[in-house]
Amino acid sequence: MPPRALFSVSEKTGAVDFAARLAALGWELVASGGTAQALRAAGLEVKDVASVTGAPEMMGGRVKTLHPLIHGGLLCRPEVDGHDLAKHGIQPISLAVINLYPFVETASSAAAAPAEVIEQIDVGGPAMIRAAAKNHGRVGVVVDPSDYETVAAELEAAGKLGEETRRRLAVKAFDHTARYDRAICGWLASRDGAGLGAGAEAVLPDRLSLELVKQADLRYGENPHQQAAVYAPAGPPNAGSMRLLGGKPLSYNNLADADLAWQCVWALPQPACAIIKHATPCGAAVSGSASDAYQRAFAADSESAFGGVIAFNCEVDEEAARAVSGQFAEVVIAAGFSPKAAEILKDRRNLRIVEQAVPVARERGGSGSLFGSADSGTPRLKVLDDAILAQTADTGHTERHEVVSRRAPSDEELRDARFAWTVARFVSSNAVVYARDGQTLGIGGGQTSRVMSARIAAWRAAAAGFDLAGAAMASDGFLPFADGLAAAANEGITVVMQPGGSIRDQEVIAAADERDVAMLFTGARHFRH
């Protein structure tokens, strides 16, 4: 009796050629519905599932493979179950080639009605896959068309699949059905709201299941003794859009800083440049050209920028490339590079040159991360020793403000305050940013005292040769005491943007009024830990 292969595929790419190679080896082909039609149309001899089971498809195709002659053929162990095989006329199935209804594609379509989506919930397919994978000691199960070539080649060379191959295919099969079920669960859970992302119940469910796909192994983690890899959600908007144009592959630390730099620069108007070092901005600036934006960002803290990550939210032209090539940097990442710019930067052998697609979130006025949208429904995660913290992305509340001081800011002061406030979102707490004319002058963050951050920011501004007269100040959290405001006013700042909410707000406002400083409350803070 020839070995039997069962085909039931929604994605038919490569299935006919694969089946033809099996038929040439003497395999008997059994297939369901449309798969049988496709194989027969190619001139292959194939048995319908109905002819094997003796039962027709019914209920609009909902019931066709759910039958003992199919599942018995997949689950049987001939050396143990010989009596049942003979008694019930069950023929073993040695290879199951199955993939599932396109549930994800249908559910992702805005035009699909709920009833249409539900019909794409496969029942027979997962049952057959699980049966074959459970019995992988005897049965090979192929769920991915990319495996057709290697499976066919092994059968042609050895006449059977080895134990290691069957086990590898079984792992892939169980992962396939697990991902499928998670997609269904997520869609059903979102049906009682306006979709994932529409409120805390949808975004932060009782059970959090994320499909993360390894993008690459990394040389090491934060330190050489740590192993590392980069993962991304399956099918994110920007998946595969990162192109390394020159230099070594990105390291763990490179990727962490590059992602922050990318988010920061896309929160700013174009053209803009942000320079990140050790997970916090050294400088950021907007200007009329990429070159000038870079030079202004670099001038804010040229010492700290050494070995940093440079990000642009515009194309890097020849002039900008020549400016950047004068600095030692680990990474330069941009929405594009002119041919001449890429040529210039490639001369820096150790500089990683990364071209990244414009983030989808930018179309909605938000920033974007390297692997998708920073304001997508995917929660932000932080790993503890034995638990994971989850929260929604820190988006929104960037434009809202209320004037609480006696003096309202001028248009220029308001523009500077908003710029400083935007950059402060990407500085480690406690964050204080001084800025003027679309350029950071001094940044202080990562301190246990906000006053200390303000002092560091002022010291850095002075070290860079900046006078803070007429500058804006932004604080990611409220100013708890008037002394912080007084210290900044003594440096010359004329406008402050902060969340507000301290029990001493009136004291802080009074201190601002005494010094003729305009003060804006945003009503929202932007801590980053």
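The values are calculated or read from the model by the stated rules, or taken from the named source; none is laboratory data. Model, not experiment: these values are computed from the prediction. Glycine gets a Cβ as well: all are built from the backbone with ideal geometry, and neighbour counts include every protein chain shown. All accessible areas refer to the heavy atoms of the entire protein, side chains included, with ligands and DNA or RNA removed. Shrake-Rupley method; radii C 1.70, N 1.55, O 1.52, S 1.80 Å.
Listing for the model above:
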{"quantity": "Estimated distance in nm for a label pair at LEU188 and ILE503, the labels positioned 7 Å out from Cα along Cα-to-Cβ", "calculated": "4.9"}
{"quantity": "Rounded Å value of the spacing that divides the Cα centres of the range 63-109 and the range 453-514", "calculated": "71"}
{"quantity": "Using alpha-carbon coordinates, inclination of helix 252-266 to the longest axis of the chain, degrees", "calculated": "60"}
{"quantity": "Computed accessible area, ASP147, all protein chains, 1.4 angstrom probe, square angstrom", "calculated": "10"}
{"quantity": "Full-extension gain in nm, ARG380 to SER10, via 0.36 nm per residue minus C-alpha separation", "calculated": "129.8 nm"}
{"quantity": "The range 248-354, relative contact order [Cα under 8 Å, separation at least 6], %", "calculated": "24"}
{"quantity": "Across LYS214/LYS382; LYS346/LYS382; LYS214/LYS346; LYS12/LYS47, pairs whose alpha-carbon gap is larger than 26 Å", "calculated": "LYS346/LYS382; LYS214/LYS346"}
{"quantity": "Pairwise centroid distance, computed over Cα atoms, of the range 382-443 with the range 203-220, Å", "calculated": "28"}
{"quantity": "DSSP-loop trypsin sites (Lys or Arg not before Pro) across the range 291-358, with at most 10 other Cβ within 10 angstrom", "calculated": "ARG349"}
{"quantity": "Percent breakdown of C-alpha pair distances by 10 Å bin, ordered from the shortest bin, for the chain", "calculated": "4, 16, 20, 18, 15, 11, 8, 5, 2, 0"}
{"quantity": "Nonlocal amide H pairs with LEU441, under 5 Å, H built at 1.01 Å", "calculated": "TYR434, ALA435, ARG436"}
{"quantity": "ALA178-LYS87 FRET efficiency (beta carbon distance; Förster radius 35 Å; 0.05 resolution)", "calculated": "0.50"}
{"quantity": "Relative packing of 164-176, 258-270, which averages over residues the other C-beta atoms within 10 Å, highest first", "calculated": "258-270, 164-176"}
{"quantity": "On Cα atoms only, tilt of 450-463 relative to the major axis of the chain in degrees", "calculated": "70"}
{"quantity": "Approximate spin-label separation LEU210-GLU149, in nm, with each point projected 7 Å along Cα-to-Cβ", "calculated": "3.3"}
{"quantity": "Sequence-distant residues sharing a close amide H with GLY308 (under 5 Å, placed H)", "calculated": "GLU330"}
{"quantity": "Local net charge near GLY444, Cβ-Cβ under 10 Å (Lys/Arg +1, Asp/Glu -1)", "calculated": "+3"}
{"quantity": "Overall form of the range 225-315 per C-alpha gyration tensor (a/c, 1.5; a/b vs b/c)", "calculated": "oblate"}
{"quantity": "The range 398-454 - Rg over Rh from alpha carbon coordinates, Kirkwood radius", "calculated": "1.00"}
{"quantity": "Karplus (6.51, -1.76, 1.60) ³J(HN,Hα), θ = phi - 60°, over the range 16-27, in Hz, Gly and Pro reported as x", "calculated": "5, 5, 5, 5, 5, 5, 5, 4, 5, 8, x, 6"}
{"quantity": "Neighbourhood charge, 15 Å Cβ-Cβ cut-off, centred on LEU29 and excluding it, Lys, Arg +1 and Asp, Glu -1", "calculated": "+1"}
{"quantity": "For VAL427, net neighbour charge (Lys/Arg +1, Asp/Glu -1) across residues whose Cβ lies under 11 Å away", "calculated": "+1"}
{"quantity": "J(HN,Hα) series, the range 28-33, from Karplus relation 6.51 cos²θ - 1.76 cosθ + 1.60, nearest Hz, glycine and proline x", "calculated": "8, 9, 10, 8, 9, x"}
{"quantity": "Helix 78-88 vs. the chain, principal-axis angle (Cα, 0 to 90°, nearest 10)", "calculated": "60"}
{"quantity": "Antiparallel bridge percentage (DSSP; both residues within the chain; nearest 5)", "calculated": "55"}
{"quantity": "Accessible surface, the range 203-307, averaged per residue in Å² (probe 1.4 Å)", "calculated": "50"}
{"quantity": "Sequence-distant residues sharing a close amide H with PHE337 (under 5 Å, placed H)", "calculated": "VAL316"}
{"quantity": "Value of relative contact order over the chain, rounded to a whole percent, pairs C-alpha under 8 Å and six or more apart", "calculated": "9"}
{"quantity": "Order of exposure, largest accessible area first, which applies to GLU154, GLU119, GLU303, GLU105 with probe 1.4 Å", "calculated": "GLU303, GLU105, GLU119, GLU154"}
